[in-house]
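FYI, it's all coordinate maths here, none of it is from the lab. Small disclaimer: the values here were computed from a predicted structure and weren't measured. With ideal geometry, Cβ positions are generated from the backbone for all residues, glycine too; neighbour counts draw on all protein chains shown.
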Amino acid sequence: MRFSDFGERAKGGGILQLMDDIGAALAGGGDMLLLGGGNPAHLPAVEQALRRAMRRLMEDGDAFERTVGDYDGPRGNEAFIGALAELLRGQLGWPVGADNIAVTNGSQSGFFTLMNLFGGKHADGARKKILLPLCPEYIGYSELGIDGGAGEGLFRANKPRIELLGGGFFKYRVDLARLDIGGDTGALCVSRPTNPTGNVLDDFEMQTLAAAARQAGVPFIVDNAYGLPFPGIVFSPAAMHHDANTITCLSLSKLGLPGARTGIIVAAPEVISRIAAVTASLNLATGSFGQSLALELIRGGEILQLSADEVMPFYRARSRQAAGWLRDGLGDLPVLLHKPEGGIFLWLWFQDFPITSADFYRRLKAKNVLVVPGEHFFFGLREDWPHRRQCIRLSYAQDEATVQKGIEILTAEARAVYAGP
Ligand SMILES: Cc1ncc(COP(=O)(O)O)c(C=O)c1O
């Protein structure tokens, strides 16, 4: 068969490998220790709240029949959007109304639309890029570009500054002095907390990036899939950021609803109407189920309380525990851990590693431990940087025993690699 350029590129990259690994491990009966994927934990308090919401949906007149029997509009469910606008404006003070909100079938599909709304060929013939001010950055963006060159050609990523923190920790910082928003930039994009590193850009970095984007006349896309206001998996002091030039992306997934595929975009009405137009042709409408379930949690503000009292403390405790296991297991090996400031991942830097992180991934997979090799997260970087082959990401969202066992195997294998053949 002959495929288009788009078809040729649809052979899969890091994100397909990652989702395939998760699918195969789940189907394989449970031997594999899943420290690879982005599945959130199953939190009893969240699950109970969702069960209560489901019961209400079943008992509330014809709410269930309307949820499954009607298409919503391409911008999402009106009641859900209205309640969310009320929460963001009323409780959090964001200057937004219903026309600033669109729902997408998972925030991933929202990113597909956003990256292609701003990146790629423009009317004046320019091919614009999405600038990632700090890499490593979320693997799921890398294959989204339809235009703009093959695969990751849509992105330009900036190398971070590395701050050594002592005690076996380090932190990436946006190299603000080298932030070069050229005329070929269509938008800036950051995830906060960052997937894969657990970094949370501080308020100064956010304000500086927001100002730079505004000055350059391009939007600032902020991916809050793990962030504020919900699910709020942020352990460091960080203020919420939203303004008229910012496109804030939220998701119900990491709260505990990945199966419902519900993403949310908060942005200027001219962006929202384009999102809706793309949804109409790609999906006709957004899936209603996640919105119906979450409606009551949003109306009463329970979603904020669940995030602050249940979700964040759970991940903070887990992240400290897993970081402790890692530090104990790694001992004096030259391996540094990115300071865990949020999200559901830990990011390890194997300094002077005798093998690549892709080889290490394969060795761990052979020992039934799934992690994600770091090289996939450095897309868009113009220079070769050995650091990109020295990092791995692991998730601590699985049950404690799985994470502990996985870390035990990982640290033993790291010791074996450093010891040499
Ligand atoms: C940083 C980030 N953004 C977006 C997404 C997409 O999430 P979803 O499509 O489930 O909303 C993910 C999923 O892992 C993510 O890690």
Worksheet item: What is the distance in Å between the Cα centres of segment 118-146 and segment 41-57?
Response: 37 Å
Discussion item. Can you return the lysines within cross-link range of LYS365? Criterion is Cα-Cα under 20 Å, with same-chain partners fewer than 8 residues away left out.
Written reply: LYS405
Worksheet item: Taking the Cα centre of each part, how many Å lie between segment 212-261 and segment 365-421?
Response: 27 Å
Practice prompt. Under a 10 Å cutoff between Cα atoms, tell me which one of ILE344, ILE272, ILE221 has the largest fluctuation in the Gaussian network model of the chain.
Written response: ILE272
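Round to the nearest 0.05 the FRET efficiency obtained for ASP31 and ALA416 when R0 = 25 Å and r is the Cβ-Cβ distance. Mind showing how you got there, number by number?
On the way: r = 21 Å, r/R0 = 0.84.
Efficiency, rounded to the nearest 0.05: 0.75.
Compute the relative contact order of the chain as a whole-number percentage, counting only Cα pairs closer than 8 Å that sit 6 or more residues apart in sequence. Please report the intermediate quantities before stating the final value.
Values: 825 pairs, mean separation 96.4, N = 421.
Relative contact order, the chain: 23 percent.
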Fill in: Partner aspartates and glutamates for LYS159 [C-alpha distance under 13 Å; skip if fewer than 8 residues away on the same chain]
GLU137, ASP175, ASP180, GLU383, ASP384
Practice prompt. For the chain, with a Gaussian network of springs between Cα atoms less than 10 Å apart, report the residue from PRO219, PRO334, PRO40 with the top mean-square fluctuation.
Written response: PRO334
Item to complete: With a/c under 1.5 counting as rounded, go ahead and sort segment 287-421 into rounded, prolate or oblate using the C-alpha gyration tensor (a ≥ b ≥ c being the square roots of the eigenvalues; past the cut-off, prolate if a/b is larger than b/c, else oblate).
Response: prolate
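Helix check for the chain. Which DSSP H runs span at least 27 Å along their own axis by Cα, with a mean Kyte-Doolittle hydropathy no less than -0.5? Working shown, then result.
Working: long enough: 400-419 (28 Å, 0.24).
Going by DSSP H runs, the hits are 400-419.
Ranked by Cβ crowding within 10 angstrom, fewest neighbours first, how are TYR141, TYR71 ordered?
Details: TYR141 29, TYR71 10.
The fewest-first ordering by Cβ neighbours comes to TYR71, TYR141.
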Response to the item:
Surrounding charge for ALA83, neighbours by C-beta under 13 angstrom, Lys/Arg +1, Asp/Glu -1, total -2
Worksheet item: What residue among ASP175, ASP309, ASP62 has the largest mean-square fluctuation in a Gaussian network model of the chain, using Cα springs under 10 Å?
Response: ASP62
Worksheet item: Relative contact order (percent) for segment 21-123, with alpha-carbon contacts under 8 angstrom and 6 or more residues of separation?
Response: 15 percent
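Once you've got the Cα coordinates, tell me which of LYS11/LYS129; LYS129/LYS339; LYS254/LYS339; LYS11/LYS121; LYS11/LYS171; LYS254/LYS367 are over 25 Å apart. Please list the in-between numbers first.
Values: LYS11/LYS129 22 Å; LYS129/LYS339 29 Å; LYS254/LYS339 20 Å; LYS11/LYS121 23 Å; LYS11/LYS171 34 Å; LYS254/LYS367 28 Å.
From the list (LYS11/LYS129; LYS129/LYS339; LYS254/LYS339; LYS11/LYS121; LYS11/LYS171; LYS254/LYS367), the Cα-Cα distance tops 25 Å for LYS129/LYS339; LYS11/LYS171; LYS254/LYS367.
Using the eigenvalues of the Cα gyration tensor, what equivalent ellipsoid semi-axes result for the chain when each is taken as the square root of five times the eigenvalue, whole Å, largest first? Present the calculation step by step, with values, prior to reporting the outcome.
Values: eigenvalues 216, 141, 88 Å².
Largest first, the chain gives 33, 27, 21 Å.
Please report TRP325, TRP347 as a ranked list, fewest other C-beta atoms within 10 angstrom at the top and most at the bottom. Each step should come with its number before you reach the end.
Details: TRP325 21, TRP347 26.
By the 10 Å Cβ count, ascending, the order reads TRP325, TRP347.
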